[in-house]
Structure formats: C-alpha cells, structure tokens
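Take a look at the structure set out below.
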Amino acid sequence: MVGFSTFPALLPELRDLWRLSNSEAGLIGSSFFAGYIATVSYWTALTDRVDGRRVYLGGALLAAAGCAGFGWFAEGLASAMLCQALLGAGVAATYMPGLRLLSDRVTGPAQSRAIAFYTSFFGIGIALSLLLAGGVSEAYGWRAAFLASALGPALAGALVFLGLSARTPPGGTHSALFPLAAWRKVLAIRSATGYTLGYTAHCVELFGSRGWMVAFLAFCTGLHPPGESFPWGAAAIAAVVNVCSVPASILGNEVALRVGRQRWILVAMLASGAGGIVLALAAPLGWVFVLALLIVYSMFIMADSATLTAGLVAAAPTELRGAAMGMYSLFGFAGGMLGPTLFGAALDLAGGAASGSAWVWAYAATGAGCLAAPLIVRLFAGRRAA
C-alpha cells in the first residue's frame, strides 16, 4: 500500500505545479480507481482457477511499475492519470486476492476477526504511504517520493509468494473476465446485494475524503496565523489520522458481532456522513479541535469497513466467493473512483478551495450515500445479516 497515497499527499504541490483545476486534480486521484475497477473482477475471479499467490505477485509488480512510472515520466494530467491507473490495476490484483488467500486459510469463528485485521491494516499502509511521500518529497523532491514508493509493492509480492504455500483453487467454471452468471447468483442473495451497495457508498466517502485530506489540512492552515496553526506538516497529520482510525474497523467488527451487522452499519454510516459536514464547518476553529474532529470522523468512516466485508464473505457460497469478492470490490472501488472527482467538482462548483462553504458542500456530496444508509439497509439487507 506504500504507493497508495503518494499522489494525495502531494496533490496541492502537483496541482499548483501543473496548473490544474480541483476537478482535474480529482481526476488524477480517480484514475487509480479506474485502473482498479477495470481489472479487479478479472484478478479476483481468477483466484477461483489459479494459485492466488501468482495473481498477487503479478499485481505487486504492476503496482511497482505504476509508482516508478509516475516518478520517471509524469509531466501533467494525462501521464499522471495513466500511471495512477496502472497502480490501481496492480493494487486490484493484491488487495482482494490477498483477502482470498487469507479467507481460504482461516475458517470458522476466527475468519471474521482475521478479515477485520486484514482490512484494518489497509489504513496502516495508507499512513506509511503518507509519511514516506511527505518525508522523501521534502528532502529529495516529489519524483523521488514516487520512485521510493515502488519498493513497497515489490517487497509485498516477494513476501506473499515465498511466505505462503501453494494451494489448489476450487476450480470455478465461471468466466474469469466477466463472470456475469456468477454475479447474478450472488445478486440473488439479498444480504450480499446489501453489503455491496453499502460498501459502494462507504468507498465514495472514504476515498473522496482521504484523497483531499492533505488539501483540507492545508486550507485549515491558511485560516490561521503561523503560530496558531497545526504544529506538524499536513502529510504527517494525515498519516497519524489514518493510524488512529485503524482500531475502529477492528472494534467495529467486534461491536457488530454483538449488536448485529445491520444495526452497526446503519449507525456507523450515518455518523460518518454527518461527521464530514461537521468537520468542514469546524475548519476556522483551533487546530486541536479540528484535529480531534478529523480523527473521530475518520474512525466513523472505518467503523463499518470490516463489518461490510466480513458480511459479504459470510454471505457468499464457497464456490462463488472469488466472483462475489470481485463484484463487491468492483462496485466499491467504482465508488472510490467517483469520490475524489466528486469532491473536487463540488469544490469548484461551490466557490473553490479557498471557500469554507465549498468544503462543506464537498464533504456533503461524498457523504450523501452514507446518509442514505437507512434506505440501503431497509431495501437490500437480508434478514440473515442482522
């Protein structure tokens, strides 16, 4: 995950360097998700037919190539979008296939907790990405930051391929590229449909807000005199916030096991959807208050992440699990692709990044799906999921 947040960490710098609008900067962030959703169903369904370690290794090398390519060749909107799309395709071949490798090796009651830890470490990877990008860029420039980030996925590929034993896949008969027949069977499971739609709304807000977190912190910094603003750099603060949100996913899954998945998902999504609006309204306040709200908001965003994923895995039959996870990730990261562009477009339409009210509208736009959680739960979540 080390290359995941390199561009968001450097978004303000590259936006100004390349003279991009907020919408164009959002398009670069969304290009990662375009590469992800274009290939994730292929990679994940492929784990039903071939050794998942090989899929993971190929994806890791592809992600490393996307990071290195950005550092070497990116010169503006088009080349940056291409490299981010390549990175997204590589992460698509590691994140859900990696979860498949894990879920095949951990069964029974421990599976839900293992999935919670796996999905939570996504946040740790993002935090490391932000720290690396901010530190290396400050010392050696933004190109060096992208080149350094390529080392992470390359190392991950070696660890997984050499550290896990080979396993014979179940040998699903559905098409690996677009398993439409398998997807129809998955969609016929009402709870699986509910978890997929919930994950889509979750990802719109998650990746929209994370993609613009550093820029939002830079906006807050500009509202105060130097001695009264944040004592650390924006990238470092964003990294800390991401680390603080990691336990929320694990603890949220534990709460869901006790009160019911549907109930917890409803609470967490409503809290996160409203939390972004409150955060934007609080931008002119002191940095301590803004930072506290940002941490709480990020924790609520992550509080239902593991619960949604564990619910989908539990709802999908074993022979359809790869296809179900591919569809789930496809829908979710389609939402992730929409998030950064939607956030940037809302900023432009509402007055630009220098306007406080524009940030309120941007957070409201990306959180709208989560605020619609009662409708999602009522219409699509099956009774078994409660």
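At 20 °C and a viscosity of 1.002 mPa s, what translational diffusion coefficient does Stokes-Einstein give for segment 11-94, taking Rh as the Kirkwood radius over Cα pairs? Give it in µm²/s as a whole number.
163 µm²/s
Taking 0.36 nm per residue of separation and subtracting the Cα-Cα distance, what length does fully extending Phe73 through Phe289 add?
Taking Phe73 through Phe289 to full extension adds about 73.7 nm, to one decimal.
Using the beta-carbon distance between Phe161 and Leu223 and R0 = 41 Å, what value does 1/(1 + (r/R0)^6) give for FRET efficiency, to the nearest 0.05?
0.25
From the protein chains alone at 1.4 Å, what is the descending order of accessible area for Met213, Met81, largest first?
Met81, Met213
Put one equal scatterer on each alpha carbon of segment 3-158, apply the Debye formula with no solvent term, and list log10 I(q)/I(0) at q = 0.13, 0.14, 0.20, 0.21 1/Å to two decimals.
Here log10 of I(q) over I(0) equals -0.59, -0.68, -1.21, -1.30.
Run lengths n ≥ 4 of DSSP H only: what is the helix-derived mean residue ellipticity at 222 nm for the chain, with -39500 (n - 2.57) per run over all residues, to the nearest 500?
Taken over the chain, the calculation gives -26500 deg cm²/dmol.
Quick one: Debye curve from the C-alpha atoms of the chain, no solvent, what's log10 I(q)/I(0) at q = 0.06 Å⁻¹?
After summing over all Cα pairs, the log10 values are -0.21.
Mind putting a number on the dipole of the chain about its Cα centre? Charges go on the C-beta only, +1 for Lys and Arg and -1 for Asp and Glu, and I need it in Debye to the nearest 20.
Result for the chain is approximately 1380 debye, rounded to the nearest 20.
Mind checking the per residue accessible area of segment 63-154 for me, 1.4 Å probe, whole number of Å²?
Ligands and nucleic acids excluded, the result is 37 Å² per residue.
At 27 Å minimum axial length over the Cα atoms and a Kyte-Doolittle cut of -1.0, report the qualifying DSSP H helices in the chain, or say none.
22-46, 52-73, 110-140, 190-211, 234-259, 261-281, 321-350
Give me the percent of the accessible area of the chain that comes from carbon and sulfur atoms, probe 1.4 Å, all protein chains in place.
70 percent
Within 10 Å, count the other beta carbons around each residue, average over each peptide in 127-134, 85-92, and list them highest first.
With the highest mean Cβ count within 10 Å placed first, the list reads 85-92, 127-134.
The values are calculated or read from the model by the stated rules, or taken from the named source; none is laboratory data. All of these numbers come straight from a predicted model, not from anything done at the bench. All Cβ positions, glycine included, derive from the backbone under ideal geometry; neighbour counts span all protein chains shown. SASA here: full protein model, heavy atoms, side chains in, ligands and nucleic acids out. Shrake-Rupley method; radii C 1.70, N 1.55, O 1.52, S 1.80 Å.
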